[in-house]
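Let me begin by presenting the structure, written as structure tokens, before commenting on it.
The values are calculated or read from the model by the stated rules, or taken from the named source; none is laboratory data. All values derive from a computational prediction rather than experimental measurement. Neighbour counts run over all protein chains shown; Cβ positions are idealised from the backbone, glycine included. In case anyone asks, the SASA skips ligands and DNA or RNA and just uses the protein heavy atoms, side chains included. Shrake-Rupley method; radii C 1.70, N 1.55, O 1.52, S 1.80 Å.
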Amino acid sequence: QVQLVESGGGLVQPGGSLRLSCAASGFTFSAYAMSWYRQPPGKERELVAVITNTGTMANYADSVKGRFTISRDNAKNTVSLQMNSLKPEDTAIYYCTKRGGSSYYQRVDYWGQGTQVTISS
């Protein structure tokens with residue numbers, strides 16, 4: 001079955017960096033777009049970044065543009081989120097998600113369990 005396992009979360013000071021990784025299994029990884037969502041405390045889940053199946057196109061929430069970079073390694077079945085210049089408002093549970101097709105316009109059909117990211121001094 002489809003499994004998405006996130007890692008790399010933690011506590012970081014403002015201005016710091018973190019790299020989240022997601023190990024995917026149970027499907028043909030290179031055929032599907034992938035994305036990261038986050039849910040800040042007390043708020044709705046929001047899309048952070050999305051990448052096509054080949055990794056040639058990506059899109060970002062305005063709040064993270066220029067600071068976050070999504071990437072994937074189809075040989076290793078992993079998708080990553082490099083987060084730089086972190087702010088307290090980036091504090092959230094971050095979820096790795098699989099899309100229903102190769103394009104990032106496809107709907108999400110699987111979610112990982114999430115990893116906590118806390119930005120605080």
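What the table shows:
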{"read-out": "Conditions (1) open to solvent by 60 Å² or more (accessible area, probe 1.4 Å); (2) at positive phi; (3) not acidic (Asp, Glu): number failed by Arg19", "value": "(2)"}
{"read-out": "Criterion violated by Glu6 - all others in (1) surrounded by 15 or more Cβ atoms within 10 Å (Cβ to Cβ); (2) in contact with a helix residue (DSSP H, G or I) (Cβ under 8 Å, 6 or more places away or on another chain); (3) more than 16 Å from Glu89 (Cα to Cα) satisfied", "value": "(2)"}
{"read-out": "Answer residue from the stretch 42-66, given it is charged (D, E, K, R) and in contact with a strand residue (DSSP E or B) (Cβ under 7 Å, 6 or more places away or on another chain) and is least open to solvent (accessible area, probe 1.4 Å) among those", "value": "Glu46"}
{"read-out": "Ile70 being in contact with a Leu (Cβ under 7 Å, 6 or more places away or on another chain) and either part of a strand (DSSP E or B) or surrounded by 15 or more Cβ atoms within 10 Å (Cβ to Cβ) (or both)", "value": "yes"}
{"read-out": "Selected residue [within 21 Å of Ser121 (Cβ to Cβ) and assigned to a loop (DSSP other than H, G, I, E, B)] from Leu86, Leu11", "value": "Leu86"}
{"read-out": "Selection from the stretch 14-49 of residues that are part of a strand (DSSP E or B) and over 15 Å from the mean Cα position of the chain (by Cα)", "value": "Ser25"}
{"read-out": "Failed item, numbered, when Asp73 is tested on (1) closer than 19 Å to Leu4 by Cβ; (2) touching a residue at least 24 places away in the same chain (Cβ under 8 Å)", "value": "(2)"}
{"read-out": "The listed residue being farther than 16 Å from Gln116 by Cα and modelled with pLDDT under 95, out of Tyr32, Tyr104, Tyr60", "value": "Tyr104"}
{"read-out": "Pair list, Cβ under 8 Å, 6 or more apart: the stretch 29-48 residue within 23 Å of Glu89 (Cα to Cα), other residue crowded, with 16+ Cβ neighbours inside 10 Å and of a type in the set (Asp, Glu)", "value": "Arg38/Asp90"}
